[in-house]
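The values are calculated or read from the model by the stated rules, or taken from the named source; none is laboratory data. Worth saying up front: this structure is predicted, and the values here are computed from it rather than measured. Neighbour counts are summed over all protein chains in view; Cβ atoms, including those assigned to glycine, are modelled from backbone coordinates with ideal geometry. Please note that ligands, DNA and RNA were not included when accessible areas were found on the heavy atoms of the full protein model with its side chains. Shrake-Rupley method; radii C 1.70, N 1.55, O 1.52, S 1.80 Å.
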Amino acid sequence: MDQNGVFANLIKQLTKLPGVGQKTAQRHAFAILKMFPQEAREIGQAIIDIKERLIFCSKCRNISEVELCLICSDPRRDRTKILVVEEPSTVYAIEKTGEYRGLYHVLLGVISPLDGVSPEDIHIKELIDRLADHEVKEVIVATSPNMDGETTALYLSKTIRPLGVKVTRIALGIPVGIDIEYADEVSLVRSIEGRREL
Ligand SMILES: [Zn+2]
């Protein structure tokens, strides 16, 4: 097979996805080859759409198709709680459980002294700004239970507590050292329920 041809190129592109090695990519490429042209086009278009049409919510930095995401603009959400996560993928996982009714704030990163990421580099200031109207009574920190996640949690606690807002940390259910986005949904729900004050 032509190693520079279109088929080899599709395999090469697919291996950029997490968990997709050479063999899986080949299987997917052959599956796409068998599809009707319209089906294959829909896959391609869906990929283009998320890159062109998704933006970050102006309030919580979750992914959204409109300026204010569906969670921030939903009047039924509990506006006294903000759950702080590192990435939109965690919002997605928690929302799938349907158990949390508060709001979110996505930092789009964590404080990492080793990697040179300081508090100003992630969306902490925007979180502090959201507390100004005194509607929020509790900030629940759901960063990963690893070194950077803990550093970020402590920094948030130190910064937010003086403002008179309770800061809690998720606890049970999340294995130590893992990335929170890989936690299963039951563990996520338990960890929110078992949160403790920071
Ligand atoms: Zn939002």
Completion exercise
A student asked for the Cα radius of gyration and Dmax of region 1-115 in angstrom ought to give 19.1, 60
Handout entry: Net charge contributed by nearby residues that have their C-beta within less than 13 Å of SER118 (K/R +1, D/E -1)
Key = -3
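Mind putting a number on the dipole of region 6-53 about its Cα centre? Charges go on the C-beta only, +1 for Lys and Arg and -1 for Asp and Glu, and I need it in Debye to the nearest 20. All intermediate terms of the calculation are to be shown ahead of the outcome.
Values: 8 positive and 4 negative charges, 45 e Å.
Its charge dipole is roughly 220 debye.
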Practice task
With a 1.4 Å probe and every protein chain left in place, work out the accessible area per residue of the chain in Å², rounded to a whole number.
Solution key: 61 Å²
Problem - Charge context of ASP74, other residues only, Cβ under 14 angstrom, K/R +1, D/E -1 - result: +4
Practice task
Take the Cβ-Cβ distance between ARG76 and LYS125 as r, set R0 to 25 Å, and report the resulting FRET efficiency rounded to the nearest 0.05.
Solution key: 0.35
Problem - Computed [θ] at 222 nm, deg cm²/dmol, the chain (DSSP H ≥ 4; -39,500 (n - 2.57); rounded to nearest 500) - result: -12000 deg cm²/dmol
Practice task
Using a 1.4 Å probe and ignoring any ligands, DNA or RNA, find the accessible area of ARG195 and quote it in Å² to the nearest 10.
Solution key: 70 Å²
Completion exercise
Share of accessible surface on carbon and sulfur in region 1-130, whole %, 1.4 Å probe and ligands ignored, is 58 percent
Practice task
With springs only between Cα atoms under 10 Å apart, run a GNM on the chain and tell me which of ILE82, ILE140, ILE48 wobbles the most.
Solution key: ILE48
Practice task
Go through region 90-104 residue by residue and turn each phi into a ³J(HN,Hα) via Karplus (6.51, -1.76, 1.60, θ = phi - 60°); whole Hz please, and just put x for glycine and proline.
Solution key: 6, 4, 4, 5, 5, 4, 4, 6, x, 9, 9, 10, x, 9, 10
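Under unit Cβ charges (Lys, Arg +1; Asp, Glu -1), what dipole magnitude, rounded to 20 debye, does the chain have relative to its Cα centre? Before the final figure, lay out the partial values.
Values: 26 positive and 29 negative charges, 54 e Å.
In debye, rounded to 20, the chain gives about 260.
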Handout entry: region 24-41 - phi-based ³J(HN,Hα) in whole Hz, Karplus 6.51/-1.76/1.60, Gly and Pro as x
Key = 4, 4, 4, 4, 5, 4, 5, 5, 5, 4, 7, 5, 5, x, 4, 4, 5, 5
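As a test, work out the antiparallel percent of DSSP beta bridges whose residues both lie in region 1-137, rounded to the nearest 5. Intermediate results must be reported in sequence, preceding the final value.
On the way: 3 of 8 bridges.
Percentage antiparallel, nearest 5: 40.
I want the antiparallel fraction of DSSP beta bridges within region 74-197, as a percent rounded to 5. Before the final figure, lay out the partial values.
Working: 3 of 16 bridges.
Taking every DSSP beta bridge within region 74-197, about 20 percent pair in antiparallel fashion.
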